[in-house]
Amino acid sequence: MRTTLKRISGWMGRHRLATAVLALIIVGLGYYGFRSGTAGSTQTRYVLATVSRGTLATSVSGTGQVSAVTQVDVKPKASGQVISLPAREGQWLYKGGLIAQIDSTNAQKAVRDAEVSLESAQITLDKLKQSSADINQIIEDSFADISAAFLDFPSIVTSADDIILGSTIKPGQQDNVGFYKDFVGQSDNANYQKDILLIESARNYYAVARVDYEKALVTYKQTTRASTPADVQRLLDQTVAATKTLAVALQAEQNLLAFLVDYATAPTTVNRTTLPVLVTSYQTNIRTHIGLVNNHLSALTAARNSIANAPLDIRAQELTVKARQNALLDAQTTLGDYSIRTPMAGVVANIPINVGDEISGGTIAATMISASRIVMVSLNEVDVAKVAVGQKASLTFDAVPGLTLTGSVTELDTIGTQTQGVVNYTVKVSFDSQDERIKPGMTVTAAIITESRNNILVVPASAVKSRGSEYYVETLPGVSADNSRGGITSAALPARVPVQVGLTNDTMTEIIGGLTEGDIIISRTIAATAAAPAPSQSSIFGGGGGLRVNTGGTRSTGTGR
């Protein structure tokens, strides 16, 4: 190696001119290469985009858990010992499915007793209906009692008439009332006026009875068994009334006759005259007549009460039957309470009791959860202000990678929960469709679409820049859209075009003025040195040249076409 270096050094010493020329050539070639590289690194490249129509949406996101829509603790309505547990944890049960059975020996006996009581009441009702099957028949049968009364009434009325209005005591001389007045009208009778009033009262009572009797007699003569039930019932009412007044008249006459007999035999009576034997005969007859009239009155009144009370008796027994039916239903309901059943369709999540346990109304027999699921997402106060019921949401799950379901916001908390100075609100999101792989308690991420617009002009968010309160995009005159990632170079400087922006998200921005569909704009600039974006004007939100929105938990999506 040393020998070689010596030879080169010797050659350069002998050929100094050639060495100088060669050095100049090497330095020139190096300088040329350096200049070429430097010139290429200062070239600015522009990535272009086309103004197009598309859909743009903004969203907020949050994490939460999957919950069952309904969770119910099933408690017994009766107390007692658990004798069977047909349900199992994890089992699906339809509404009314049997979870557990409590010993119901006493409840079963109560049902049997209620059944017997109801049957007894029903038999009594059937008998009443059978005996009162035809109210018209009852009315017709009462005609026999009326006829029997009118067989006796003529002789009774005649006898009563003779006693008070006849002239049987002193025929051809005076009527009996006149005789009675004279008999008590002795000069030494201090109670004469009172005695006269007793006589007149008996005559008046008889006069009223005679009128009622004659009215009833006329109706009786016009009525037969073939008459309508209404006619027979009217006759029955008249006959009962006439019998009552006749009984009163006979009683008044009996009182009068008893007074006359007592007066004639009283020790204080002076200058007394002998009372005719006919008066005592009247007393014997009137006692018999009063007995007959009272018997007829009892029979007629019973007939009328049967007609009036038959429907009431049936109705009263019907109410008794109804009460017994209700008692049976109550007993059956109580018996049903000894079977613990689920009030909803769902999955048995937990059964904390065992066969043989004594349980009561406060015991949790099982926990049921519904098959439907719901997402409970927590959002901060900034994001929740953008959320409303009905908004759509996209749901992803840590436990099921690749699965994305959709849902809708169904409820928002009106009162937030503060934790370490941060206020959070719970938002409920329902699934549009259920997936059996999704279980309660799973972690879920929900992106809730807060606003969406279709068929609008959109550009990449990085293309929109700001200067103060104004927005603009840059264009290169005379170029067409370039699909290469590296962009294009241009000798001309970009031109600024003022624009008005609308809805914006992380990737796209709505243009509502300043551009038309198909316009070519600069979406970003690239410095060729490191294939990285060159410094440029700040974007709307201060990022490196692009438009950015939705900080914190907010996520956004947008498409263009």
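The values are calculated or read from the model by the stated rules, or taken from the named source; none is laboratory data. Source: prediction; values computed, not measured. Glycine gets a Cβ as well: all are built from the backbone with ideal geometry, and neighbour counts include every protein chain shown.
Condition first: surrounded by fewer than 16 Cβ atoms within 10 Å (Cβ to Cβ) and part of a helix (DSSP H, G or I). Can you find one or more residues in region 341-349 that meet it?
Within region 341-349 (the criterion being surrounded by fewer than 16 Cβ atoms within 10 Å (Cβ to Cβ) and part of a helix (DSSP H, G or I)), the answer is no, since none of the residues qualifies.
Checking Thr224 against (1) farther than 23 Å from Ala302 by Cβ; (2) assigned to a loop (DSSP other than H, G, I, E, B), only one condition comes out false. Which one?
(1)
Scanning region 372-412 for residues that are β-branched (Val, Ile, Thr) and assigned to a strand (DSSP E or B), which turns out surrounded by the fewest Cβ atoms within 10 Å (Cβ to Cβ)?
Let us first name the residues in region 372-412 that are β-branched (Val, Ile, Thr), namely 374-375, 377, 382, 384, 387, 389, 396, 400, 404, 406, 409-410.
Remaining after also requiring assigned to a strand (DSSP E or B): 374-375, 377, 396, 404, 406, 409-410.
On the way: Ile374: 20, Val375: 27, Val377: 29, Thr396: 16, Thr404: 11, Thr406: 13, Val409: 22, Thr410: 14.
Top of the filtered list is Thr404.
Take Lys127 and decide whether it is assigned by TED's automatic domain parsing to the domain that holds Asp262, at negative phi, without any contact (Cβ under 8 Å) to a residue 60 or more places away in the chain and not polar (S, T, N, Q).
Details: assigned by TED's automatic domain parsing to the domain that holds Asp262: no; at negative phi: yes; without any contact (Cβ under 8 Å) to a residue 60 or more places away in the chain: yes; not polar (S, T, N, Q): yes.
For Lys127, the condition - assigned by TED's automatic domain parsing to the domain that holds Asp262, at negative phi, without any contact (Cβ under 8 Å) to a residue 60 or more places away in the chain and not polar (S, T, N, Q) - is not met.
I want to confirm something. Restricting to region 319-344 and keeping residues that are of a type in the set (A, V, I, L, M, F, W, C) and within 30 Å of Gln71 (Cβ to Cβ), which single residue is modelled with the lowest pLDDT? Full working, then the answer.
Of the residues in region 319-344, the ones of a type in the set (A, V, I, L, M, F, W, C) are 319, 321, 323, 327-329, 331, 335, 340, 344.
Checking the rest, the ones that are also within 30 Å of Gln71 (Cβ to Cβ) come to 335, 340, 344.
Working: Leu335: 93, Ile340: 94, Met344: 88.
Checked region 319-344; the qualifying residue modelled with the lowest pLDDT is Met344.
From the list Leu217, Leu235, which one is within 27 Å of Ser147 (Cα to Cα), part of a helix (DSSP H, G or I), hydrophobic (A, V, I, L, M, F, W, C) and in contact with a Pro (Cβ under 9 Å, 6 or more places away or on another chain)?
One residue alone meets the criteria, Leu217.
Which members of region 464-485 meet the condition of being at pLDDT 75 or above and of a type in the set (D, E, K, R)?
Passing the criteria: Lys465, Arg467, Glu470, Glu474.
Those residues that are of a type in the set (Ser, Thr, Tyr) and either surrounded by fewer than 19 Cβ atoms within 10 Å (Cβ to Cβ) or within 15 Å of Ala49 (Cα to Cα) (or both), I need them from region 457-507; list them, please.
Going residue by residue through region 457-507, those that are of a type in the set (Ser, Thr, Tyr) are 462, 466, 469, 471-472, 475, 480, 484, 489-490, 504, 507.
Residues satisfying the conditions are Ser462, Ser466, Ser469, Tyr472, Thr475, Ser480, Ser484, Thr489, Ser490, Thr507.
Would you be able to say whether some residue in region 309-318 is of a type in the set (A, V, I, L, M) and at pLDDT 90 or above?
No - not one qualifying residue is present in region 309-318.
Only one of (1) within 17 Å of Asp262 (Cβ to Cβ); (2) part of a loop (DSSP other than H, G, I, E, B) fails for Ile196. Which number is that?
(2)
List pairs: first in region 150-175 and of a type in the set (Lys, Arg), second modelled with pLDDT under 95, Cβ under 6 Å, 6+ apart or cross-chain?
Lys170/Phe179
Can you tell me which residue within region 413-452, out of those that are touching a residue at least 12 places away in the same chain (Cβ under 8 Å) and among the acidic types (Asp, Glu), is surrounded by the most Cβ atoms within 10 Å (Cβ to Cβ)? Break it down into steps so the answer makes sense when it comes.
First, pick out the residues of region 413-452 that are touching a residue at least 12 places away in the same chain (Cβ under 8 Å): 413, 416, 422-435, 437-452.
Next, from what is left, pick out any that are among the acidic types (Asp, Glu): 413, 432, 435, 451.
Working: Asp413: 15, Asp432: 12, Asp435: 13, Glu451: 13.
Top of the filtered list is Asp413.
Quick check: anything in region 213-224 assigned by TED's automatic domain parsing to the domain that holds Leu250 and within 25 Å of Asn255 (Cα to Cα)?
yes
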